[in-house]
Amino acid sequence: MAGHVNIAPASPTIARPLLEIDALRCHFGGLKALDGASFNVAAHGVTGLIGPNGAGKTTLFNCISGLLRKTSGSVHFDGIDITYARPDAISQFGLVRTFQLARGCVRMTVFEHLMLYGRDQRGETFFRGLLGGAEVHAQEQALRERSFETARGLKLSHVLDNLVTDLSGGQKKLLEIGRALMAEPKLILLDEPMAGVNPALVEQIGEHLNAIRAKGMTILLIEHEMALIEQLCDHVVVMAEGKFLTEGTFSQVTANAEVQEAYLGMTVQ
Ligand SMILES: Nc1ncnc2c1ncn2[C@@H]1O[C@H](COP(=O)(O)OP(=O)(O)OP(=O)(O)O)[C@@H](O)[C@H]1O
Ligand SMILES: [Mg+2]
């Protein structure tokens, strides 16, 4: 008699979300900027984060990236509890962010700026002293190449020797993306990278985001311009008054009556 071999049916593999935000609260005095926000971000692709002004989107980014203290709740990134991790540790885990208003008050050239963020990510400043001269030189050379390549990709090669403070607003936005890319992250948080830039640059930034997505990185994108959300995002999360409101495809969320209501009766399309 032939023996039986019992093979258990394969259980469907449920991929753990890359980012898990659970009941996050952040209060400024009496103001509940985040009031129990919970949602997940799946690995790969672009997730849009939308919501009216003051909904708590930037505060959420500040909490995720360790810049703001949470009142309660938790954040997990790639399975690691980063709720109380420091910003530099979080970026070393592979989670980086850009800022709504591109920063650039340091007296540093564009090239130095890119090199700095490439180094930061790998903790090279700490280990450099332990390595031999040839190895340090090879690493430095690789980092220089990567800085040139990143600048080329962002069409910033001609301003590599300029001070960051002398860049135009749009160039600062591009440099923010370059800074994030130098860190070779798994997840990039982008806070309105297209706000206040001319239409040609908006298109260029959109192409960069598509290229970043094609490399397998995950993007969480805050953006007010709905046409861009529709064009760039695979999935959309809506926040209002410090809370998660709904999520889905662009057409699903924009058809949602609560979303329309949150935008004070504006037609969201
Ligand atoms: N450092 C702070 N101190 C006090 N209140 C703050 C602080 N940062 C944000 N807030 C308040 O928290 C709320 C959420 O602000 P947040 O900047 O997160 O909104 P947002 O969704 O990013 O809005 P926008 O789309 O206009 O950028 C707002 O009411 C804001 O005034
Ligand atoms: Mg904001």
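The values are calculated or read from the model by the stated rules, or taken from the named source; none is laboratory data. As the structure is a prediction and not an experimental result, all values here were calculated from the model. Quick reminder, even Gly has a Cβ in these numbers, built from the backbone with ideal geometry, and neighbours come from all protein chains shown. When the accessible area is computed, the model is the full protein with side chains, heavy atoms only, and any ligands, DNA or RNA have been set aside. Shrake-Rupley method; radii C 1.70, N 1.55, O 1.52, S 1.80 Å.
Quick one: which of 259, 236, 202 is modelled with pLDDT of 95 or more and either over 18 Å from the mean Cα position of the chain (by Cα) or closer than 30 Å to residue 87 by Cα (or both)?
That would be 236, the only listed residue that is modelled with pLDDT of 95 or more and either over 18 Å from the mean Cα position of the chain (by Cα) or closer than 30 Å to residue 87 by Cα (or both).
Any residue in the range 62-79 that's within 17 Å of residue 91 (Cβ to Cβ) and open to solvent by less than 10 Å² (accessible area, probe 1.4 Å): show its pairings with residues that are among the aromatic types (Phe, Trp, Tyr) and at pLDDT below 95 at Cβ separation under 8 Å, as long as the two are six or more apart or on different chains.
The qualifying pairs are 77/93.
Just one of 53, 40 is under 25 Å from residue 232 (Cβ atoms), more than 14 Å from ligand 1 (Cβ to nearest atom) and either surrounded by fewer than 20 Cβ atoms within 10 Å (Cβ to Cβ) or free of Cβ contacts under 8 Å to residues at least 12 places away in the same chain (or both); which is it?
40
Can you list the helices (runs of 4 or more DSSP H) found entirely within the range 177-269 that contain at least 2 residues being within 16 Å of ligand 2 (Cβ to nearest atom)?
Output list reads 226-232.
Determine which member of the set 201, 190 is within 16 Å of ligand 1 (Cβ to nearest atom) and closer than 29 Å to residue 145 by Cβ.
Selected residue: 190, the only one of 201, 190 that is within 16 Å of ligand 1 (Cβ to nearest atom) and closer than 29 Å to residue 145 by Cβ.
Restricting to the range 154-166, what's the tally of residues that are within 21 Å of residue 206 (Cα to Cα), in contact with a Gly (Cβ under 8 Å, 6 or more places away or on another chain) and open to solvent by 10 Å² or more (accessible area, probe 1.4 Å)?
Residues that pass the stated criteria total 0.
Among what's in the range 174-199 and is open to solvent by less than 20 Å² (accessible area, probe 1.4 Å) and over 12 Å from the mean Cα position of the chain (by Cα), pick the residue that is modelled with the lowest pLDDT.
In this case the residue turns out to be 182.
If we keep just the residues of the range 60-76 that are over 12 Å from residue 21 (Cβ atoms) and outside any loop (DSSP other than H, G, I, E, B), which is nearest to the chain's Cα centre (by Cα)?
Across the range 60-76, the extreme among qualifying residues is 62.
Test residue 31 against the criterion of being more than 24 Å from residue 214 (Cβ to Cβ) and exposed (fewer than 15 other Cβ atoms within 10 Å of the Cβ), and give yes or no.
In short, yes.
Within the range 97-114, take every residue that is more than 12 Å from residue 162 (Cβ to Cβ) and open to solvent by 10 Å² or more (accessible area, probe 1.4 Å) and give me the one that is modelled with the lowest pLDDT.
My answer is 105.
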